[in-house]
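Right, one structure below, let's go through it.
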Amino acid sequence: AQSVTQLGSHVSVSEGALVLLRCNYSSSVPPYLFWYVQYPNQGLQLLLKYTSAATLVKGINGFEAEFKKSETSFHLTKPSAHMSDAAEYFCAVINTGRRALTFGSGTRLQVQP
Amino acid sequence: EPEVTQTPSHQVTQMGQEVILRCVPISNHLYFYWYRQILGQKVEFLVSFYNNEISEKSEIFDDQFSVERPDGSNFTLKIRSTKLEDSAMYFCASSDGTGWIGYTFGSGTRLTVV
């Protein structure tokens, strides 16, 4: 069975500071991994995805994530936080041959001025 | 950029009533999905639909739920007899033939059962 664990339900950073949101996955087969962002009262927007090509994946809004098989991790980073980054972030996994995304419980990012 | 469109954005219904949530997936996509997010909780998979039949469903998707693609553009989720615990945000999604490329979500329908 596939699953993802997001460490830290709330993360608070100062504007301009590094953003690090953690995601660890569990999968019996090579996974595809995704990060989605959800702004208040809005839908899910894809930030980036790992699909077994490059292990360092660049996404929208300056975010990137690195797939580390040895650590079963797919942490999301951004060098410099902006106030507009305040949102809920979800890590998700899908196994090849399946169609359903399995989401983590989410991390709410606060950006302090 | 192509979008998945969901209507209505918010629906209030009385317990025991039937409700239909509507979605227009991206036109060249082949896989269609419904997900649910209860307030403050994670997003959960309900069902996937391909070639006019359910291809996968979760344990949440019991007999009170059904899906349909009544024409070439719409994809619907019906809840036969709503319960208070069905109150949630329901997301429709669609993806292309590989199943995950272009996996795109709609903005959701907030269902409130009173």
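We did not get these values from a lab; they are worked out from the coordinates using the rules stated. These numbers come from a predicted model, not from an experiment. In this analysis, Cβ positions are derived from the backbone assuming ideal geometry, glycine residues included, and neighbour counts consider all displayed protein chains.
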Karplus couplings for the stretch A:99-104 from phi (6.51 cos²θ - 1.76 cosθ + 1.60, θ = phi - 60°), rounded to Hz, Gly and Pro as x? 10, 8, 7, 10, 9, x
Show the residues, 5+ positions off or on another chain, whose built amide H is closer than 5 Å to the amide H of B:Leu46. B:Trp34, B:Tyr35, B:Arg36
For a label point 7 angstrom out from the Cα of A:Ala54 toward its Cβ, which stretches of the stretch A:62-78 have the backbone nitrogen within less than 13 Å? A:63-67
Could you work out Rg/(2.2 N^0.38 Å) for chain A, with Rg from alpha carbons only? 1.01
Quotient of Cα radius of gyration and Kirkwood radius for the stretch B:56-100, i.e. Rg/Rh, equals 0.99
Summing +1 for each Lys or Arg and -1 for each Asp or Glu, what net charge is found among the other residues whose Cβ lies under 15 Å from the Cβ of A:Val29? +3
Please average, across the residues of A:34-41, the number of beta carbons from any other chain that are within 10 Å of each residue's own beta carbon, and give a whole number. 2
How big is the protein assembly as shown by the Kirkwood estimate over distinct Cα pairs, in Å? 18.1
Using a Cα-Cα cut-off of under 16 Å, which lysines could be cross-linked to A:Lys78, ignoring same-chain neighbours fewer than 8 residues away? A:Lys49, A:Lys58
Less than 26 Å apart at the alpha-carbon level, and either on another chain or at least 8 residues along: which lysines does that give for B:Lys78? B:Lys42, B:Lys57
Which residue, B:Ser95, B:Gly16, A:Val13, has the largest displacement toward the positive end of the dipole of the protein assembly as shown when charges sit on each Cβ (Lys, Arg +1; Asp, Glu -1)? A:Val13
Out of B:Ile20, B:Ile79, B:Ile60, a Gaussian network model of chain B with alpha-carbon springs under 10 Å gives the largest mean-square fluctuation to B:Ile60
Partnerless cysteines (no other Cys beta carbon under 4.7 Å) identified across the protein assembly as shown are none
What are the extents of the Cα atoms of chain B along their three principal axes, listed from largest to smallest and rounded to whole Å? 38, 27, 26
